[in-house]
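Below: the structure, in structure tokens.
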Amino acid sequence: MKLRIYTTLLVLLTAFTVKAQDAEQPIDTLTRHVAGIRQELDVLKRIKLSGYIQAQYQVADSGGVPSFAGGNFASGVDKRFMLRRARLKVQYDSPFNDKGFSTSQYVFQIDLSEKGATIKDLYAKFTDPWCGWFSVTAGMQNRPFGYEIGYSSSLRESPERGRLSQIVFPGERDLGAMLTIQGPKTSNWNWLKIDAGYFNGLGGPSALATANEFDKFKDFIGHIGITRSTKSERIKWGLGASIYNGGYRVDTVNTYIFDTDSTGIAGFKVDTKKADVSANINSREEIKRSYIGFDGQFSIDWVGGLTTLRGEFIMGEQPGTGSSSASQAVASTSDFYTRKFNGMYLYFVQNIGHSPLQAIVKYDTYDPNTEVSGDEIGLATQQSGFKTTSAADIAYSTLGLGLAYRWDAAVKLTAYWDQVTNETSEKLANYTKDLKDNVFTLRLQVKF
């Protein structure tokens, strides 16, 4: 009996639906379908897919040299082909609100190479819907320090960031949350931008790939910058200042600070304030790292072509190990050495008229320990409890010369020479003269 009732109801419902469809006017059907297609297209238009591939051939002065021109050369290797970067980026922006701007953005970017796949960006950005001045970005993102760190590798004229940037900010990204204050594009105050955020403080690509935090301490990073231009926009300039305040958990290791022994020889002595480490991991102290930086940019478009000048100076205190001044990616099982450092970079970029050629000159420096130099490095101290300085305290400078050719809007070919000069010391083996670690790079970039 129930089956008959359900069957009768189904027949009546089907007949009613067919009659309603027959009554619908063709113009109404077309309008409904067009509206649906428009809605789907609007969603697709807000999804931006972009990326670039950088393939390169490199030649080094000698085999197996350590290098910041794309990573160290393998033992015995002085020539190599590399897929330096292969980025794929997906970005979604929400529809504009009634004030004329988007209130949310979602970004996912991966990097593929012969070394594997790595997540570069994975974050969400939310902007207040009332005035558009305040935004919060959470996830894996660029550290808001200086200019070169956040400047896209697809736009940067030199193949790589400077040595200082790679040592102090390896991987460029970090996991955290950031507040941005900047007026909308229609605002008269859009030229001012303030970034301030807290981050895990991870120090390397391996840590960034998994985003594993190893201590309870978080690092503060802030940057304030202004960008201005003339009405014709032929002249543009910008200035910025940055601050970094963070550190690492001190495990069961000694910490050293720079000093001189009783005979006046420079070295590292135990920092007694941090020598005793609690067995309780939650109560262990933090060894501080702090930096300040100043950056500036200037460009002018004139009859000779677009001329660009760019520079940045960074100084501070950096805790590293006895063999390296690089930022740490994991809890250290080696003693910590706090060094005062400084470094800078300068770019001069000249587009040659309206031709597709562009000349590049870059000079960067990095001094990991400004309190010792020359033959003082590696000189054995005479007092017990002091540690001798090492190759980690050697200063470097790099002169980069390049020529870029734009095949079209998507393809660029760059030839670039890195002339690397290291500080020398008669007291340090392998550093009594300049190392043979210069590198030539020929790179093809395809962008879409």
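Cross-link reach is defined here as a Cα-Cα straight distance under 19 Å, omitting same-chain residues fewer than 8 places apart; for K120 the lysines meeting it are K48, K89, K447.
Rg and Dmax of the stretch 57-134, based on Cα coordinates, read 20.5, 62 Å. Dipole check for the chain: with +1 at the C-beta of Lys and Arg, -1 at the C-beta of Asp and Glu, and the Cα centre as origin, the magnitude is about 1620 Debye.
Largest mean-square fluctuation among K218, K185, K231, in a Gaussian network model of the chain whose springs join Cα atoms under 10 Å apart, belongs to K231.
With runs of 4+ DSSP H residues as the only contributors, calculate the mean residue ellipticity of the chain at 222 nm using -39,500 (n - 2.57) per run, divided by the residue total and rounded to the nearest 500. Walk me through the intermediate numbers first.
Values: 4 runs with 54 residues, N = 448.
Result for the chain, helices only: -4000 deg cm²/dmol.
For the chain, the solvent-accessible area works out to 53 Å² per residue, with a probe of 1.4 Å and every protein chain left in place.
Can you spot the aspartates and glutamates whose alpha carbon is less than 15 Å from K45's alpha carbon? Ignore those fewer than 8 places along the same chain. Filter leaves D93. Filter the cross-link list K288/K340; K99/K231; K125/K193; K115/K436 down to pairs whose alpha-carbon distance in this structure exceeds 21 Å. Violating the 21 Å Cα-Cα cut-off are K99/K231; K115/K436.
Here the convex hull built on the C-alpha positions of the stretch 112-194 has a volume of 127 cubic angstrom per residue. Taking the charge dipole of the stretch 131-254 about its Cα centre, with +1 at Lys and Arg Cβ atoms and -1 at Asp and Glu Cβ atoms, the residue from I226, S135, F145 reaching farthest to the positive side is I226. Applying 1/(1 + (r/R0)^6) with R0 = 51 Å to the Cβ-Cβ distance of L192 and S384 gives a FRET efficiency near 0.40.
The label point for L83 and the one for V136, both projected 7 Å from the Cα toward the Cβ, are 3.9 nm apart. Normalising the average separation of contacting C-alpha pairs (under 8 angstrom, six or more residues apart) by the number of residues puts the relative contact order of the stretch 115-205 at 28 percent.
Given a Förster distance of 25 Å, report the FRET efficiency between W417 and A55 from their Cβ-Cβ distance, rounded to the nearest 0.05. Intermediate values should be presented prior to the final figure.
Details: r = 18 Å, r/R0 = 0.74.
It comes out at approximately 0.85.
Order of 372-378, 393-399 by packing, highest average Cβ count within 10 Å first? It would help to have the intermediate numbers written out before the result.
Numbers: 372-378: 18.3, 393-399: 21.4.
Ranked by mean Cβ neighbours within 10 Å, highest first: 393-399, 372-378.
The magnitude of the dipole of the stretch 317-445, with charges of +1 and -1 set on the Cβ of Lys/Arg and Asp/Glu and taken from the Cα centre, is near 460 debye. G311 sits among other residues whose Cβ lies under 11 Å from its own Cβ, and their net charge, with Lys and Arg +1 and Asp and Glu -1, is -2.
How charged is the neighbourhood of R228? Take every other residue with its Cβ under 13 Å from the Cβ of R228, and add Lys/Arg as +1 and Asp/Glu as -1. Numbers along the way, then the final one.
Numbers: positive: K193, K231, R234, K236; negative: E233.
Combined, the nearby Lys, Arg, Asp and Glu give +3.
Of all the accessible heavy-atom surface of the chain, with the other protein chains kept in place and a 1.4 Å probe, what percent is carbon and sulfur? Don't skip to the end; give the middle numbers.
Numbers: 14450 of 23630 Å².
Using a 1.4 Å probe with all protein chains present, the chain comes out at 61 percent carbon and sulfur.
Taking 0.36 nm per residue of separation and subtracting the Cα-Cα distance, what length does fully extending L401 through L444 add? Walk me through the intermediate numbers first.
Details: separation 43, 0.36 × 43 = 15.48 nm, distance 1.66 nm.
Computed gain between L401 and L444 is 13.8 nm.
Partners of K79 within straight-line reach, counting aspartates and glutamates whose Cα lies under 19 Å from its Cα and excluding those fewer than 8 residues away in the same chain: D61, E114, E160, D418, D437.
With point charges of +1 on the Cβ of Lys and Arg and -1 on the Cβ of Asp and Glu, referenced to the Cα centre of the chain, which listed residue (G176, T381, L122) lies farthest in the positive direction of the dipole? Most positive-ward Cα: L122.
Both radii were evaluated on the Cα set of the chain; the Rg over Rh quotient, with Rh as the Kirkwood radius, amounts to 1.11.
Set the Förster radius R0 to 30 Å, insert the Cβ-Cβ distance between F298 and A409 as r into 1/(1 + (r/R0)^6), and round the FRET efficiency to 0.05. Don't skip to the answer; put the middle values down first.
Values: r = 25 Å, r/R0 = 0.84.
Step by step, r from the Cβ atoms, then E = 0.75.
The values are calculated or read from the model by the stated rules, or taken from the named source; none is laboratory data. If you're wondering where the values come from, they're calculated on a predicted model, not measured in any experiment. Note: ideal-geometry Cβ built from the backbone for every residue, glycine included; neighbour counts use all protein chains shown. Keep in mind that these areas ignore ligands, DNA and RNA; they rest on the heavy atoms of the full protein, side chains included. Shrake-Rupley method; radii C 1.70, N 1.55, O 1.52, S 1.80 Å.
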